[in-house]
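K.L.:
Have a look at this one before I ask anything.
Nothing in this text is a laboratory measurement; each read-out follows from the coordinates by a stated rule. No experiment lies behind these values; they were computed from the predicted model shown. Note that each Cβ is placed from the backbone with ideal geometry, even for glycine, and that neighbours are counted across all protein chains shown.
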Amino acid sequence: MRIDSLSYFQSSMLGMRDNQGNLSRLNQQLASGSKLLAPKDDPLAMEKVMRLTSSIATRTQFAANQIRANLALNYEATVVQEMHSALNSARDLLSISPSSSTSLRTIHAERLKSVFSHLVGLANTKDTNGDFIFGGFKTTLPTTPDTGAQPFVRTLDGGLADTYYNGTAYPDGTRSIEVENGRTVQVSDNLAEVFRFTDASFIDTANGAGANEADHDLLKNLDHAISNLPVGTLTQANLNGYVKALDQAIQKLSQVEYRIAGALGEVADVKGTTTALLLNDKNALGEIQQVDQEAAIIELQTRQTMLEASNSAYAKTANLSLFNFLS
Amino acid sequence: MSISSLSVALSGLNAAQAGIRTTQHNISNINTSGYRRQEVAYTTPSAQFTSSGYFGSGTAIESVRQIYSQFLDNAVLQNQGQLSYYETYSAQASQIDSMLGDSNSGLSKAISKFFSASSEVANDPTSTAARQNLLSMGKNLAGRINTLDTQMQGMLDASNTAVTSMTQEINVLTTGIASLNASIAKLEGGSGQTANDLRDQRDALVANLNKLVQVTQVQQPDGEISLYIGEGQTLVQGKYAYSVSAVTDSNDSSLKQAVLNIGGMSLPLSGTQIKGGELAGLLAQRDEVLLPAMSDVTAMAFALSSEINAIHRNGLQQDAATAGGNFFTPAQEQVGGASGWLSLGTSSSGSRIANDNYSASWDGSAFTVVRESDGLSTTVSAGEEVVMDGVAQGFSLYPHTTFVPVAGSGTWNLNFKSLAASMSMILGNTTEVAAAASTANGAGDNRNALALAALRTSRVLNNQQSTFEQAYQQTVTRTANNASNADISVSAYTTLVDESTSSQQGLSGVNLDEEAINLVRFQQAYQASAKAMSVASAIFDELLGVVR
């Protein structure tokens with residue numbers, strides 16, 4: 001075979017060019033830890049990588065949302081539980097005979113006072129951001145004398161005015177968080193109905209004696225009881241009315257507790273799924289994207305040997321010329 | 001007899017000298033591109049008749065000829081044209097590929113982060129930090145789109161400049177080839193000898209021209225060559241070269257088009273006419289990779305702005321009283337009491353979105369679309385591509401599924417023009433983020449932020465088939481496929497060029513060892529002829545001595 005001198009020199013160059021290109025590529029892969037240096041290296045794999053990366057980002061956000069939902073629900077659950085036991089204490093304190101001694105009635109009235117303020121405090125609970133959690137969408141309220149800057153406004157005065165509610169009207173104002181694609185979980189409740197329900201079936205019109213026992217306003221009832229219990233003007237029917245109002249409030253609150261428990265369960269379920277899928281996605285992404293270090297290093301060494309061979313072949317043959325032997 | 005024996009020896013001396021000279025010429029041109037090795041063709045002149053028989057009269061030089069094969073030369077040209085095509089294509093497409101696919105310059109992360117930030121606002125609508133984060137991510141998203149568009153616009157400008165400079169370069173080369181044709185025809189005319197070195201020069205020019213635009217060459221009997229491009233359009237015919245020039249594309253004023261000027265007519269050189277060479281690679285890449293990517297980014301900017309603005313305007317700001325405004329530079333504007341919004345559909349023809357503004361109205365069954373620049377109007381049904389004056393505009397329209405447009409309620413301005421380059425976030429203050437639904441009565445309402453976050457998984461692009469992220473992935477994958485195919489072709493044609501060049505050079509290239517042997521051979525032939533001459537001279541002297 002006839003070969004021209006330029007090709008003869010270049011044949012080693014072609015080998016060196018290819019080996020150097022491969023070495024540089026392997027170096028980049030090892031340095032970046034990624035097999036895919038640009039989408040064009042493997043469009044099919046890159047399409048999967050992008051899909052997985054996007055899915056991981058979405059799921060990571062859902063995982064963050066789930067943590068957030070869990071926090072909000074747990075916080076609310078704790079407050080509602082406190083509220084429940086306060087309502088039970090109030091019920092115990094009101095389960096006395098109207099004919100019991102003045103001192104006992106006074107003691108109960110005093111203890112009711114602390115339960116009352118505890119309840120008002122709980123109803124006006126703020127979260128870690130300083131937002132009211134039971135005011136519906138009205139998470140902050142302007143400080144004006146009229147509204148008292150809180151969702152539930154009631155001071156102890158024995159008066160018959162209704163409890164003032166500044167929050168979003170029932171049943172609106174509950175907030176939801178998206179925990180999975182298209183799936184939202186309610187993470188707050190409107191407690192207006194617990195303290196001042198408008199549900200007609202709960203209003204006992206038959207027991208019309210006294211001022212407030214049949215009223216659907218729990219705080220007004222408690223306020224009235226605290227004022228009148230030491231005085232001794234309350235009848236058994238009055239006391240029954242208070243207890244009934246408390247029972248109804250407890251029943252309403254229990255519904256909220258069941259809902260919270262259900263929501264917490266749902267979040268836990270979804271969280272399990274999200275975590276598993278996130279792990280799947282990350283594993284799949286790793287398999288596609290991450291460079292196989294061992295294989296890459298072995299290939300690097302092979303390529304290096306080949307480049308050295310090309311170099312040495314060039315060095316050995318470059319000086320071969322017949323002119324060297326002609327004197 | 002002796003005199004003639006001197007002349008026989010002299011012919012040998014001359015022949016050896018010619019051989020040495022040609023060998024020297026070969027050695028000198030070892031590095032000359034396009035050089036084909038030459039050799040002297042010897043012949044024996046007619047013999048002298050005597051009664052004793054025919055006596056040879058030495059040697060004669062018939063010609064100096066080039067060693068080549070037209071077949072091998074053409075194979076190199078063909079492969080080189082394709083290699084140049086794919087190299088240009090690959091270099092350009094790779095730039096776009098890595099720009100779109102890179103996690104820092106691409107859009108994937110920016111889109112994903114924007115919707116995650118919306119989610120965080122939904123999680124905590126009263127948090128200033130979450131709102132600030134959404135504003136930052138919105139700004140980042142708009143900025144990424146601007147950067148991508150600017151980069152690609154820069155590449156488009158560069159490709160327009162390249163079309164102009166390549167056409168100029170083609171003209172320089174074709175003129176050179178035509179004038180060499182003239183010289184060769186003049187020198188060779190009737191002599192029967194070939195002007196080897198001029199032919200080499202011409203072939204070198206053809207090789208350079210072929211890298212720019214693939215040509216087919218046809219040898220003419222008088223030594224001239226004709227060059228054709230594409231489907232047989234003449235570029236060079238003998239002494240005449242037809243000029244090519246870069247003109248503004250009649251369908252798209254932002255593009256330069258190469259045309260061949262023949263007899264007062266301009267023939268556009270598109271991908272169907274020219275199939276090899278850098279110019280073709282550049283144009284193919286522009287049409288298949290760059291322009292579709294730019295169109296996709298415009299569609300993305302339009303859809304992001306339209307969809308996000310529609311939801312954002314539907315909500316209330318942090319004061320739970322003021323309506324949310326536009327989040328981004330509006331891609332759509334309601335005019336004359338228009339109610340509801342339109343959705344962007346794809347182009348069925350694969351055309352790119354024209355860089356123009358339109359206005360559209362909806363009568364409940366069809367859109368009437370008017371182009372801003374020239375007032376042309378057309379009526380299309382939902383999902384039917386808008387075509388103006390026979391030219392597809394690269395988009396179709398649908399009534400929005402959530403914010404259903406009210407028939408006959410007004411018009412919508414569709415601002416495609418420079419949208420991707422100029423898109424920016426309009427909101428300046430965290431309180432302006434409309435996280436609350438329109439019925440909200442407090443800052444704690446997160447329903448609109450939830451709706452915004454849900455856009456992440458809504459299929460709003462590609463005729464309601466793809467989410468934003470999926471649509472972007474399709475753009476990246478398409479670009480990657482084009483770049484990858486070009487890369488594969490580059491390596492294939494590199495091998496083919498190497499192989500065909502090696503075969504061609506194997507025949508026509510200079511081998512120094514061979515020339516060394518030739519040098520020795522001719523030197524010895526020279527020495528032998530010189531000896532023959534001295535013998536002839538001695539015989540003559542002897543003869544003179546006898547007479548004396």
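K.L.:
For the stretch A:51-284, what is the convex hull volume of its Cα atoms per residue in Å³?
P.N.:
Taking the convex hull of the Cα positions in the stretch A:51-284, it is 123 Å³ per residue.
K.L.:
Further question: Using a 7 Å offset from the Cα along the Cα-to-Cβ direction at both residue B:248 and residue B:57, what is the distance between the two label points in nm, to one decimal?
P.N.:
That separation, rounded to one decimal, is 7.4 nm.
K.L.:
Okay, next question. For each of A:224, B:312, count neighbouring Cβ atoms within 10 Å of the residue's Cβ, then give the residues from fewest to most.
P.N.:
Going from sparsest to densest Cβ surroundings: A:224, B:312.
K.L.:
With θ taken as phi - 60° and the coefficients 6.51, -1.76 and 1.60, list the Karplus ³J(HN,Hα) couplings across the stretch B:326-340 in order, rounded to whole Hz; mark glycine and proline as x.
P.N.:
6, 7, 10, 3, x, 7, 10, 10, 7, 10, x, x, 4, 10, x
K.L.:
For residue B:403, what residues show an amide H to amide H distance below 5 Å, using hydrogens built from the backbone and excluding near sequence neighbours?
P.N.:
For residue B:403, whose amide H was placed from the backbone, the distant partners under 5 Å are B:341.
K.L.:
If you don't mind, there's one more thing I want to ask. Calculate the length of the line joining the C-alpha centroid of the stretch A:225-278 to that of the stretch A:289-315, in whole Å.
P.N.:
72 Å
K.L.:
Continuing with the same structure: Give me the base-10 log of I(q)/I(0) for the stretch B:230-303 at each q in 0.24 Å⁻¹, Debye formula, one uniform scatterer per Cα, rounded to two decimals.
P.N.:
-1.16
K.L.:
Would you please give the residues with an amide H less than 5 Å from that of residue B:315, counting only those at least 5 places away or on a separate chain, with H modeled from the backbone geometry?
P.N.:
The list, which skips near neighbours in sequence, is B:324.
K.L.:
Mind checking the angle between helix B:291-313 and chain B's longest principal axis? C-alpha axes, 0 to 90 degrees, to the nearest 10.
P.N.:
10 degrees
K.L.:
Show that you can apply the helix-only estimate: for chain B, add -39,500 (n - 2.57) for every DSSP H stretch of four or more residues, divide by all residues, and state [θ] at 222 nm to the nearest 500.
P.N.:
Taking each H run of at least 4 residues, the total per residue is -17500 deg cm²/dmol.
K.L.:
Between residue B:365 and residue A:126, what is the FRET efficiency for a Förster distance of 45 Å, r being their Cβ-Cβ separation, to the nearest 0.05?
P.N.:
0.25
K.L.:
Convex hull over the Cα atoms of the stretch B:294-343, averaged projected area in nm²?
P.N.:
3.9 nm²
K.L.:
Using only Cα atoms, find the angle between the long axis of helix A:236-289 and the longest principal axis of chain A, and express it within 0 to 90 degrees, rounded to the nearest 10.
P.N.:
The helix A:236-289 is inclined about 0 degrees to chain A.
K.L.:
If you don't mind, another one. Ranking A:108, B:400 by Cβ neighbours within 10 Å, fewest first, what do you get?
P.N.:
Fewest-to-most ranking of A:108, B:400: B:400, A:108.
K.L.:
Calculate the spin-label point distance for residue A:118 paired with residue B:457, positioning each point 7 Å from the Cα along the beta-carbon direction, and give it in nanometres.
P.N.:
About 4.2 nm, to one decimal.
K.L.:
Computed FRET efficiency, Cβ-Cβ of residue B:406 and residue A:111, R0 60 Å: what is it to the nearest 0.05?
P.N.:
For R0 = 60 Å, the calculated efficiency reads 0.45.
K.L.:
Now a separate question. Taking a ≥ b ≥ c as the square roots of the eigenvalues of the Cα gyration tensor of the stretch B:353-425, is the shape rounded (a/c under 1.5), prolate (a/b larger than b/c) or oblate?
P.N.:
oblate
K.L.:
Turning to a different aspect of this structure: What's the FRET efficiency of residue B:139 with residue A:172 using the Cβ-Cβ distance as r and R₀ = 45 Å, to the nearest 0.05?
P.N.:
Computed FRET efficiency for residue B:139 and residue A:172 comes out at 0.85.
K.L.:
Here's something else I'd like to know. Tell me, rounded to the nearest percent, the portion of alpha carbon pairs in the protein assembly as shown spaced more than 42 Å apart.
P.N.:
Percent of Cα pairs beyond 42 Å in the protein assembly as shown: 59.
K.L.:
Hey, what do the phi angles of the stretch A:179-193 turn into as Karplus ³J(HN,Hα) couplings, whole Hz, using 6.51/-1.76/1.60 and θ = phi - 60°, x for Gly and Pro?
P.N.:
Each residue of the stretch A:179-193 in turn: 9, 7, 3, x, 10, 10, 10, 6, 10, 9, 10, 9, 8, 3, 6 Hz.
K.L.:
If you place +1 on the Cβ of every Lys and Arg and -1 on the Cβ of every Asp and Glu, how big does the dipole about the Cα centre of the stretch A:31-70 come out, in debye to the nearest 20?
P.N.:
Computed about the Cα centre, the dipole is about 160 debye.
K.L.:
Turning to a different aspect of this structure: In whole Hz, what ³J(HN,Hα) sequence does the stretch B:243-252 give by Karplus (6.51, -1.76, 1.60; θ = phi - 60°), x for Gly and Pro?
P.N.:
8, 10, 8, 9, 10, 6, 4, 5, 8, 8
K.L.:
Same structure again: Per residue, how big is the convex hull of the stretch B:476-548 when only Cα atoms are used? Give it in Å³.
P.N.:
Spelled out: Cα convex hull of the stretch B:476-548, divided by residues, is 78 Å³.
K.L.:
While we're here: What is the diffusion coefficient of chain B in µm²/s, taking the Kirkwood radius over Cα pairs and the Stokes-Einstein relation at 37 °C with a viscosity of 0.692 mPa s?
P.N.:
The estimated diffusion coefficient comes to 113 µm²/s.
K.L.:
If you don't mind, another one. Just want the ordering: B:388, A:50, from fewest to most Cβ atoms lying within 10 Å of their own Cβ.
P.N.:
With the fewest neighbours first, B:388, A:50 line up as B:388, A:50.
K.L.:
Amide H to amide H under 5 Å from residue A:34: which residues, 5+ apart in sequence or cross-chain, H placed 1.01 Å off N in plane?
P.N.:
Correct list: A:291.
K.L.:
Once each part is reduced to its C-alpha centroid, what is the distance from the stretch B:439-476 to the stretch A:1-39 in angstrom?
P.N.:
After rounding, the separation between the Cα centres reads 46 Å.
K.L.:
How far apart, in nm, are two points set 7 Å out from the Cα along the Cα-to-Cβ line at residue A:181 and at residue B:439?
P.N.:
In this crude label model, residue A:181 to residue B:439 measures out at 2.8 nm.
K.L.:
Using Cα atoms only, what is the angle between the long axis of helix B:512-547 and the major principal axis of chain B, expressed in degrees (0 to 90) to the nearest 10?
P.N.:
So the helix axis and the longest Cα principal axis differ by about 20 degrees.
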